[in-house]
1. How about the stretch 159-176: which of its residues are among the small types (Gly, Ala, Ser) and surrounded by fewer than 20 Cβ atoms within 10 Å (Cβ to Cβ)?
2. Out of THR169, THR180, report the one residue that is among the polar types (S, T, N, Q) and touching a Lys or Arg at 6+ places or on another chain (Cβ under 9 Å).
3. Mind checking whether some residue in the stretch 243-251 is assigned to a helix (DSSP H, G or I) and over 30 Å from GLU380 (Cβ atoms)?
4. If I ask for residues that are of a type in the set (S, T, N, Q) and in contact (Cβ under 8 Å) with a residue 40 or more places away in the chain, which ones from the stretch 143-181 would you list?
5. Please give the number of the condition VAL469 fails out of (1) surrounded by fewer than 24 Cβ atoms within 10 Å (Cβ to Cβ); (2) in contact with a strand residue (DSSP E or B) (Cβ under 6 Å, 6 or more places away or on another chain); (3) modelled with pLDDT of 80 or more.
6. Residues to consider are GLU238, GLU247, GLU230; find the one that is more than 19 Å from VAL9 (Cβ to Cβ), in contact (Cβ under 8 Å) with a residue 40 or more places away in the chain and among the acidic types (Asp, Glu).
7. Let me confirm something: among SER143, SER125, which residue is farther than 24 Å from ASP197 by Cα, crowded, with 16+ Cβ neighbours inside 10 Å and small (Gly, Ala, Ser)?
8. Give me the pairs, please: first residue somewhere in the stretch 182-193 and small (Gly, Ala, Ser), second residue anywhere and surrounded by 15 or more Cβ atoms within 10 Å (Cβ to Cβ) and in a helix (DSSP H, G or I), beta-carbon distance under 6 Å, and either six or more positions apart or on two chains.
Amino acid sequence: MTTKENDIVKIFDTTLRDGEQSPGCSMNVDEKLKIANALNELGVDIIEAGFPAASPGDFAAVNKVAALNLRSTIAGLARSQQGDIEAVAKALEPAPNKRLHVFIATSPLHREFKLQMEKEQVLESIHNSITFAKKYFDDIEFSAEDAGRTELDFLSEAFKVAVAAGAKTLNIPDTVGYTTPIEFAKIFTHVKKDFKDRSDIILSSHCHNDLGLAVANSLAAVEAGARQIECTINGIGERAGNAALEEIVMALKTRKSYYGIETRINTKRLYPTSRLVSHITGSTVQANKAIVGRNAFAHEAGIHQHGMLKNRNTYEIMKPEDVGIEKTSLVLGKHSGRAAFKERLKSLGIVYKGENLNDLFAQFKKLADRKKDITDEDIEVLVLGKQSQSGPWELFSLQVQTIVKHGHQNATAIVELLHKGDPVIATADGDGPVNAVINAMRKAMNTEIELFDYRIQNISIGDDAQGEVKVSLSIDGKQRNGTGASTDIVEATALAVINSINREHKRQQQGLTNNSRHAIETQNDTVRAAQGAI
């Protein structure tokens, strides 16, 4: 039986645009390309690649994502201004499937204080921008920023103007996470009545999580007729974040008998994609996070364990395999051969060939000498770690000596780094091994580094499990995240710092620093409002 188009909810992923606005989560071009490819494999219908008018770096990133020739439609964000629309059109030229996402605020608060425009001026701007955009785009989405706090009659009027000018997707954003599910559904019901005879018009939901209701509001919108949901991987985004893609998708899949709706998402790619985004952005996924958290399919209570042994459905409403989490991990060790290693990579969806495979296999062997059993999680972090450590700085060796005397801990660290192949050695003391290592790296790199968040989590199980360290640093005044993994937590710390520094170096090379954005914003101070919009 063929699924009807009206029984499909399109998934519009904005991890690369709205998600990147999380503090410390900005990405360089290479990282954006990795995530774009992963989203395409995941089956995302529309990938919002960025906001080309925000900065030269954003333009370049959107342009390179567009050139990947993906199945997914690639969207670019624009204010209702001709210059922004032209920037999106130029950036998306290489994309086989492209969409313009144009917006303007409609709520009384935004009209008065941000736009300083009357209702008639807002409607005129909508008409003029979309009419202009028709020269470049067949696929146009219009968003009424802060729709959740907009008068219903005016919201309807704005959407009617947008449709008359050529928009086919109408996005209703809860920009500040203000509405509740019943309230949000009423907005969709109201708007849907205006277009009951237009089967070609798609209503879209874009929810923020300020009250923790983003997913609930998104699902309420689906019940009220939305056929596109805008969301991000792991729910990352401005302030409290966006609606989490994995939660929405699995709610629709698990409760299909209730919603009667499907998505085109390959759910087995949810967990790997979550891990990739977490690793690249340095944004930790909380252990009890629904669907992709470390404890999402863990059972400790004796009553639960007893029920699971009898029938897994007693306490699991989803199969971990359905979201890409293996029930059991294939264990590899130091005696495993290249063929077994390559086969395991393939089963995890990782492709390495030639010298790259040889290099990775050599690193696997080194890890196997330090760790008795190598699990899927170890292999995954080995690959991600290899990808993320590329840059001018490398860790060559690390020595730490710690002395505890009268309850006080003193540590001395000696780090030997390679900077573009040249050795740099530094020694420093600290209150503990982590503090000493960071002090030594600060000296070696001649960089002002301040640590303000430090988290450790185990990647796999066992006494010799690898630990993953996630750090949030201030690097010369800029907030940056980094990730490192090792069986030695102190070494993982050093790798996380190097990851942060190397990523910052790439940003500077590719023009994606906050400074470049700020330069653009000083020319037009409404860009900042646009970056935080919708």
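The values are calculated or read from the model by the stated rules, or taken from the named source; none is laboratory data. Bear in mind the structure is a predicted one, so any value in this text is a computation, not a measurement. Quick reminder, even Gly has a Cβ in these numbers, built from the backbone with ideal geometry, and neighbours come from all protein chains shown.
1. Taking the stretch 159-176 first, the residues among the small types (Gly, Ala, Ser) are 162, 164-167.
Matches in the stretch 159-176: ALA164, ALA165, GLY166.
2. Details: THR180 fails: touching a Lys or Arg at 6+ places or on another chain (Cβ under 9 Å).
Checking each option against the conditions leaves just THR169.
3. Step one: of the stretch 243-251, the residues assigned to a helix (DSSP H, G or I) are 245-251.
Then drop every residue that is not over 30 Å from GLU380 (Cβ atoms), which leaves none.
No, because not a single residue in the stretch 243-251 is assigned to a helix (DSSP H, G or I) and over 30 Å from GLU380 (Cβ atoms).
4. Going through the stretch 143-181, the residues of a type in the set (S, T, N, Q) turn out to be 143, 150, 156, 169, 171, 175, 179-180.
Passing the criteria: SER143, THR150, THR169, ASN171, THR175.
5. Condition (1) is where VAL469 drops out.
6. Working: GLU247 fails: more than 19 Å from VAL9 (Cβ to Cβ); GLU230 fails: more than 19 Å from VAL9 (Cβ to Cβ).
Matching residue, one of GLU238, GLU247, GLU230: GLU238.
7. Details: SER143 fails: farther than 24 Å from ASP197 by Cα.
Residue meeting the stated conditions: SER125.
8. That search, which allows pairs on different chains as well, returns ALA185/ALA220.
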